[in-house]
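This report concerns only the one structure given below.
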Amino acid sequence: MPEPEIRKLLTVVEEIRHEGGPRAERPLLRAAAVAVIKNPFAGRYEPEIQGFMEDLKPLGLMMARRLVEALGGDPARVEGYGKGAIVGAAGELEHGALWHAPGGYAMREVLGGAKAIVPSAKKVGGAGARLDVPVTHVNASYVRSHFDSMEIGLNDAPRADEMVLVLVMTTGPRVHSRSGGLEAWDIKGEDGLR
Amino acid sequence: MKADIRKIAVWVEETHREMGRDIAPATRKAVAVAVIANPFAGRYVEDLTDLMEIGAELGGLLGDRCVRALGIEPHQAESYGKAAMVGENGELEHAAAILHPKLGAPLRAAVEKGAALVPSSKKMGGPGQDLDVPLGHKDAAYVRSHFDGVEVRMNDAPRANEIMVAVAVTDSGRPLPRVGGLKASEAEGKDGLR
């Protein structure tokens, strides 16, 4: 299988200073790396699709590195992550599932072994479709302050024979986090959950 | 008066392929958006000087963010544009006060030169609504290859008492320009038109 055919790349960085409450000393950053690629399986049912996961690994690494760079260059600053995919209408949801392994692998690799499962969302959609990419703490999924999400979309993608692949990283809790639960400073960070 | 900024977001979009053809180097657009409190929300205020000052602040801030996000020298910027969307408790004139009197000069400083009018659009809107930022060549408005636009949208802005202000900067024109007219290489860039 050839390397993924990229039509567009998009990087988004949001800097959140406050949301009506006290101004954050250090603004929360949320960043997304988005790739619009051709879906090699569009328009037909292909029984064997897993080879494409390997082909997506270099793209995932490139996107994960861009994210760390967009957040200031220090992997230690990344506290939350998530991933997602929008599959164009000539593809199937299962094609989006191919992003799980390479997308997650890439972020763990670049962050130096994050423990928690990478939360994800996927759907089939047309150009302009929006995806809410879920975000949780990189080392302990139950950290309530870091449950977040980032909405992603492009007006011209995905076309029917394309897929939009997304990785998201954040630098901290919601800007006015005060809903209790497990706090980041109380985690053990061993099992990926607490 | 300084802007009360709640969020800043920066998008960088690269187009690597269009209609099956490689675009090398990729065309690139950056858009920076500030979500600010509208100091005049909910009441009629005759004198809009405060918003004009905010426009000056944001023209420099957002123009600079775009140039930095593209990783270019200011003189390498090729086109620009600006737009504002006012939340429902404001009025369209608030967008005009931000965009027109004072935003241009600091933006031009951020991209060096900028003999041409900065193309603009404005509207009233709510969270999640699209804002299309028009783009035109920064030194010669008639350069046809650089007529373009870029869509921005934030799921949580503008709230009723907010204004979303966008500045876009590119280092290139459309991916496959072929509708003739004045070429960037032929532009004199003296009168802002040709």
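No value in this document is a laboratory result; all are computed from the given coordinates. Just so you know, these numbers come straight off a predicted model, no measurement behind them. Note: ideal-geometry Cβ built from the backbone for every residue, glycine included; neighbour counts use all protein chains shown.
Computed quantities for the displayed model
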read-out	value
Residue in the stretch B:38-60 that is facing chain A (nearest Cβ under 10 Å) and buried (at least 20 other Cβ atoms within 10 Å of the Cβ) present	no
Residue check for B:S172: of a type in the set (S, T, N, Q), in contact with a strand residue (DSSP E or B) (Cβ under 8 Å, 6 or more places away or on another chain) and crowded, with 18+ Cβ neighbours inside 10 Å	yes
Boolean, A:G84 is assigned to a strand (DSSP E or B) and out of contact with any helix residue (DSSP H, G or I) (no Cβ under 7 Å at 6 or more places or on another chain)	yes
Exclusive hit being assigned to a helix (DSSP H, G or I) and either free of Cβ contacts under 8 Å to residues at least 40 places away in the same chain or not acidic (D, E) (or both), set B:R68, B:R43, B:R28	B:R68
Yes/no for A:L154 being more than 28 Å from B:E151 (Cα to Cα) and not β-branched (V, I, T)	no
Single residue of the stretch B:1-22 satisfying the filter (surrounded by fewer than 18 Cβ atoms within 10 Å (Cβ to Cβ) and touching a residue at least 12 places away in the same chain (Cβ under 8 Å)) that is farthest from the other protein chains (Cβ to nearest Cβ)	B:M1
Some residue of the stretch A:158-166 being over 19 Å from A:V12 (Cα atoms), in contact (Cβ under 8 Å) with a residue 40 or more places away in the chain, crowded, with 19+ Cβ neighbours inside 10 Å and within 14 Å of another protein chain (Cβ to nearest Cβ)	yes
Conditions (1) surrounded by fewer than 21 Cβ atoms within 10 Å (Cβ to Cβ); (2) more than 13 Å from every other protein chain (Cβ to nearest Cβ); (3) touching a His at 6+ places or on another chain (Cβ under 8 Å): number failed by A:N39	(1)
Subset tally (residues that are touching a residue at least 60 places away in the same chain (Cβ under 8 Å) and either assigned to a loop (DSSP other than H, G, I, E, B) or within 18 Å of B:P25 (Cα to Cα) (or both)) for the stretch B:157-194	17
Residue that is farthest from the other protein chains (Cβ to nearest Cβ) [pool: residues in the stretch A:1-36 that are of a type in the set (K, R) and closer than 23 Å to A:K122 by Cβ]	A:R30
